[in-house]
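The values are calculated or read from the model by the stated rules, or taken from the named source; none is laboratory data. Since the model is a prediction, treat every value here as computed from it, not as a measurement. Please note: Cβ atoms are built from the backbone with ideal geometry, for glycine as well, and neighbour counts cover all protein chains shown.
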């Protein structure tokens, strides 16, 4: 709930005394009704005073640091930018000769004045049918051109979530100004890759197993010794009547929000009666729905410039896939068509469940902020040149030994799955309104990984790009996108890493000298959260300003050199 009303799952489960015979332990239903009634009052107060709290915030972590060039690591974004210096790993589309793929290129098209990667010219599958990926672009902001200067997977993941000590993390900041029952949840647990801090003491609920059941287990039926002295039915009836009386009393008072609450008593009553009774009918179907749209979008064939012509391996370093089996670079056999490998791709671990969880808790008004994850590209049927065996492989996201050609194919399929899942969630959120505003306009999704990749000039793979980081943000509060901020160099790192690849460049007139740090990205994301104070801006000013539905770029993105 709101400030001073922090609520955790443990708070529901731990139990507490209530007035009555034998000082009975509160049943979960009694606690749920108390939480919901308090939430209705807080929401009415917020609407009356104009304090709507922070926007919902979802952070999706792709641990491992996969290549992002086909998705959101944008290089040449302005039609007036100089041509890129070529690197075969920095690619979005295939070059063909006759009826076979022979190379890669960085291909873009102009959408609303911004040059965007080839993938966004396509459509993906949702439960409502095919949707153009340009629909995501309308609500998209890319933040590029920052880094840390230090290697390490956990370090670079955590510093993006909480770049400054002694203040709230991005997720914690949104939780600090939450008006929901559970301010923050995380599933699955991030361990060393997570970094949550709340200066207002808002708890992070780390979920296990089935995340929805895990979150709401305290709302279920009581244990054998939960209710004594009178029947559970009677206690639940009394709890409902008490919660209703509380709402009626507040609605008839002169406190802030009383008039608004009075108009919504019927809706509040319906929600309390429903409680969480629809979980069982929702969960399995929702997960299956998300998994279906993700897998259909990843597996799609005939995509122009991606898998519309044969992909017959030359059995060289361009045709390697870094697989989990042996942690090695598997060379694809020339006696196969690499397009077949993605026909059995499986939804990346945790993604379908995480998005289904987000849909439920946001629509039910239970949660404000969430940490989710996206697992590995799995289910790839690849024929190994070393032994001629077709195996079911998992591609490692830390793509050191994934060459240029499998890199474009696999990451395009992978990010198509993510985009399809997000579009499915967005469609559901648009159907729900709070105070006359759809939930998508009240939600911010950020996609992070430890870093992008430093691209090897010979096309054999890529390494840790801790000086060329990127993140992307999606929100219904962003209109008429896409937008991009942050400067990058046209030149690469030299040595074996020649060519444009997103190396961070300074921003003229900015309050960080040299390469911007992850604080720049955090400050820019915070500008979308509708919190009263940005705790990062004194160290790194946000690169955008949001006025109503107008997003203003404060420092234009540049390709330097």
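If you take the residues in the range 481-496 that are more than 15 Å from residue 142 (Cβ to Cβ) and touching a residue at least 60 places away in the same chain (Cβ under 8 Å), which one is surrounded by the fewest Cβ atoms within 10 Å (Cβ to Cβ)?
Across the range 481-496, the extreme among qualifying residues is 491.
Looking only at residues in the range 375-389 that are in contact with a helix residue (DSSP H, G or I) (Cβ under 9 Å, 6 or more places away or on another chain), over 30 Å from residue 207 (Cα atoms) and free of Cβ contacts under 8 Å to residues at least 60 places away in the same chain, the one that is surrounded by the fewest Cβ atoms within 10 Å (Cβ to Cβ) is 381. In the condition set (1) in contact with a helix residue (DSSP H, G or I) (Cβ under 7 Å, 6 or more places away or on another chain); (2) surrounded by fewer than 23 Cβ atoms within 10 Å (Cβ to Cβ); (3) not in a loop (DSSP other than H, G, I, E, B), residue 173 is compliant with all but (2).
Has the range 124-131 got any residue that is surrounded by 15 or more Cβ atoms within 10 Å (Cβ to Cβ), within 19 Å of residue 484 (Cβ to Cβ), at pLDDT 95 or above and in contact with a strand residue (DSSP E or B) (Cβ under 9 Å, 6 or more places away or on another chain)? No - not one qualifying residue is present in the range 124-131.
Within the range 356-374, does at least one residue satisfy the condition of being more than 22 Å from the chain's Cα centre (by Cα) and surrounded by fewer than 22 Cβ atoms within 10 Å (Cβ to Cβ)? So that I can check it myself, show each step before the final result.
Just the residues of the range 356-374 that are more than 22 Å from the chain's Cα centre (by Cα), to begin with: none.
No.
Here the strands (runs of 3 or more DSSP E) wholly within the range 487-557 that include at least 2 residues being within 30 Å of residue 459 (Cα to Cα) are 487-489. Evaluating residue 462 against the criteria (1) closer than 23 Å to residue 357 by Cβ; (2) crowded, with 24+ Cβ neighbours inside 10 Å leaves one unmet condition, (1). Consider the range 403-434 and keep the residues that are touching a strand residue (DSSP E or B) at 6+ places or on another chain (Cβ under 9 Å) and farther than 22 Å from residue 120 by Cβ. The one that is surrounded by the most Cβ atoms within 10 Å (Cβ to Cβ) is 403. Of all residues in the range 329-344, exactly one satisfies the criterion of being buried (at least 20 other Cβ atoms within 10 Å of the Cβ), assigned to a helix (DSSP H, G or I) and in contact with a helix residue (DSSP H, G or I) (Cβ under 6 Å, 6 or more places away or on another chain), namely 342.
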